[in-house]
1. Scan A:Val31, A:Val12, A:Val63, A:Val74 and give me the residue that is within 14 Å of chain B (Cβ to nearest Cβ) and in contact (Cβ under 8 Å) with a residue 12 or more places away in the chain.
2. Sort through B:Lys145, B:Lys227, B:Lys214 and tell me the only one that's away from chain A (no Cβ under 14 Å), within 21 Å of B:Thr46 (Cα to Cα) and basic (Lys, Arg).
3. Just the residues that are of a type outside the set (A, V, I, L, M, F, W, C), surrounded by fewer than 24 Cβ atoms within 10 Å (Cβ to Cβ) and facing chain A (nearest Cβ under 8 Å), please, taken from segment B:78-90.
4. Within segment B:218-240, does at least one residue satisfy the condition of being closer than 21 Å to B:Arg50 by Cα, of a type outside the set (D, E, K, R) and not in a loop (DSSP other than H, G, I, E, B)?
5. Just give me the residues in segment B:50-65 being within 12 Å of another protein chain (Cβ to nearest Cβ), out of contact with any Leu (no Cβ under 7 Å at 6 or more places or on another chain) and in contact (Cβ under 8 Å) with a residue 40 or more places away in the chain, in sequence order.
6. For residues that are surrounded by fewer than 24 Cβ atoms within 10 Å (Cβ to Cβ) and either closer than 13 Å to B:Gly208 by Cα or touching a strand residue (DSSP E or B) at 6+ places or on another chain (Cβ under 7 Å) (or both), tally how many sit in segment B:59-77.
7. Does B:Arg134 fit the bill of being more than 20 Å from the chain's Cα centre (by Cα), basic (Lys, Arg), closer than 24 Å to A:Arg219 by Cα and within 11 Å of chain A (Cβ to nearest Cβ)?
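The values are calculated or read from the model by the stated rules, or taken from the named source; none is laboratory data. These numbers come from a predicted model, not from an experiment. In this analysis, Cβ positions are derived from the backbone assuming ideal geometry, glycine residues included, and neighbour counts consider all displayed protein chains.
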Amino acid sequence: MSTMNLHAVSIVYRKELTEWLRDRRTLISTVLVPLLMFPILITGMISVTSVMLGKAEKEIPKVMIIDGEDSPEVLATLHDIKDLDFVPYAANWKDQISDKKIRAAVQIPKGFQASLANGNSQTVDIYYYEGEIKSEFGAKHVETSLRDYKDKIVAARLKAKDLPASVVSPFEIKKENAAPPEKVSGAGIGSFIGYMVIILSMTGAMYPAIDLTAGEKERGTMETILSSPISRLDLVLGKFLLVFSASLTTAVLSVISMGSSFYFLGHSQAASSGDHALQMNLGWISILAVFLMALPLSVLFSAVLMTVALFAKTYKEAQSYLTPMTFVVVIPAVASLMPGVELSPKLALIPILNTSLICKEIITGTYHWNSIAVIFASTCVYAAVAIFVAVKTFQRESVLFRS
Amino acid sequence: MIEARSLLKRFQDKKRGEIRAVDNVSFTCQPGKIYGLLGANGAGKTTTLRMLATILEPTDGTAIVCGYDVIDYPEKVRANVGFLSTATALYPRLTAQEMVEYFGRLNGLDEATLKKRIDDIFSRLDMNSFRDRRCDKLSTGMKQKTSIARTLVHDPPVMIFDEPTTGLDVMTARTIIGFISDCRAQGKTVIFSTHIMSEVERLCDSIGIIHGGKLLAEGTVAQLREKYAEHNLEEIIVQVVGPQFANAEA
């Protein structure tokens, strides 16, 4: 294999860059999509959710009472509940819940009032449509009111027997977060950032990887460039650098876009409700560290995608090869998002999954230097092998002139 | 000068097994002369020329181009060769000038020499009106001129043309033929493949007839006419290829 000529590599790179910047499809896939995807996605999700929640909160739910004729006092208490619209009993109440005609139904057991007087315990059933937000709101409203009623009865009974409230409530339980705020927000958003950097550094590389290999074959420029004195090593390296640049650009732009979206979202939420749950407390150092970890992975993606796409004769053929590869990347990246999947010595050697897992840790401010070193080094090795294979593939006539 | 020495190229085909696309082909092309490689489609012309241009590596045998062995010094060979075929397209998103500049730089020209060379070629080929137009916006004729400029930018002593006029209109084909003729006048070594007989008669100093990967006959047009007692070149080719063709069919 001949030695690398940096000047020749840079000539190829500059030419590929010129062509790449003039391609409208590039502008869309590398710049516009990552920049606009997050603001649109996040604003869209937030506005849809808040509209849905607002509607559900504003609605006065229709609730049906089943039975309870022998408990007039209980019925009267129920009817006194504010913001509930009681509808007359109908035998098809189950269907009405499924059809969203009523939001919930409460079944009063037989002889309920008498049981209350005797001190016996019975069960009141609330029926609702699980997962349907308006029905859940209605059922919750009914439940809260029934609990209040229950507490009143307990208090009255204690009073009648002249006992203190601590008889039924000997101690209180309180849960409080002790983790630093960046770890709390990081645990939620962190895994997502690592995931997005990984996925986007692949999708960013995909289009130029095809364009510079199969695209060149299809347009008939492969033979032109192969007839020039440039060595195939320099040619493939120049092309690789462009694909790698595209991959990085997409990842950087998407993280900037995602970071700013979360930042503004956190601020607007904090300003409007004082709720700090969604605040971004991610440091720029963590984000930079995630990028450094993703660098060798981006090299790996660029080299592998180019190698595979080179086997194709046309752009379309290359797309059909590379689309299934998206799953190869998405599956380990998604696996790292699963709760309970934590870094272990074995997992530290699985490409993509290891980077995704370490990014999750880094974002929460945890730096396990041993794991970081192992993962960075192993991914560098995979990346180096991938570049080597790409160079070798470019020297195979059967691949370049496949017919 | 080009000297092909027992060039052999084998391919593996999934259906047909091993194929000898070029089988023990030897010939010599001299500076200031045009050598024509004649043959039907699939005869082995393109593979031979690709091996001379070091785009493909010979399975066996070798060739010496401008004193460099195609196997040992492929990059040196390419620096001395201008290669043009109907398959050598242009980069659509580069302008005509950028296309030629790119190949000038790849050939190691410094910026001053490159500029001078480009100005000269663009004036000579009457290309100044479209030098800043993107290649995907050029007409076929303009594209062909840009390709010629691309092959000429490093002023190579050897020119290889693989069916350069196939699929071109009459006027564009004339430009190419004129260009090939000019190359000879400049003392370059020229080899070109075609199956258009009028081009052969007009241009070639000597010809080689190739079929089934083998070089079956060689000589000047006059020598071949005398040997086969036939004036029509097409008939000569049929006579040369005929027995082989019959054998292959059988």
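1. Numbers: A:Val31 fails: within 14 Å of chain B (Cβ to nearest Cβ); A:Val63 fails: within 14 Å of chain B (Cβ to nearest Cβ); A:Val74 fails: within 14 Å of chain B (Cβ to nearest Cβ).
It is A:Val12.
2. On the way: B:Lys145 fails: within 21 Å of B:Thr46 (Cα to Cα); B:Lys227 fails: within 21 Å of B:Thr46 (Cα to Cα).
Matching residue, one of B:Lys145, B:Lys227, B:Lys214: B:Lys214.
3. Going through segment B:78-90, the residues of a type outside the set (A, V, I, L, M, F, W, C) turn out to be B:78, B:80, B:82, B:85-86, B:88.
Applying the additional criterion that residues be surrounded by fewer than 24 Cβ atoms within 10 Å (Cβ to Cβ) yields B:80, B:86, B:88.
Correct list: B:Thr88 only.
4. Narrowing segment B:218-240 to residues closer than 21 Å to B:Arg50 by Cα: B:218.
Filter once more, keeping what is of a type outside the set (D, E, K, R): none.
The answer is no; no qualifying residue exists.
5. B:Leu52, B:Ala53, B:Leu56
6. At the first step, the residues of segment B:59-77 found to be surrounded by fewer than 24 Cβ atoms within 10 Å (Cβ to Cβ) are B:59-62, B:64, B:66-69, B:71-76.
Adding the requirement that they be either closer than 13 Å to B:Gly208 by Cα or touching a strand residue (DSSP E or B) at 6+ places or on another chain (Cβ under 7 Å) (or both) leaves B:59-62, B:64, B:66, B:69, B:71, B:76.
Number of matching residues: 9.
7. Details: more than 20 Å from the chain's Cα centre (by Cα): yes; basic (Lys, Arg): yes; closer than 24 Å to A:Arg219 by Cα: yes; within 11 Å of chain A (Cβ to nearest Cβ): yes.
The answer is yes for B:Arg134.
Results for (1) among the β-branched types (Val, Ile, Thr); (2) surrounded by fewer than 21 Cβ atoms within 10 Å (Cβ to Cβ), shown as yes or no for each residue.
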site	(1), (2)
A:Ser344	no, yes
A:Ile350	yes, yes
A:Leu353	no, no
A:Ile375	yes, no
A:Ser378	no, yes
A:Ala384	no, yes
A:Gln395	no, yes
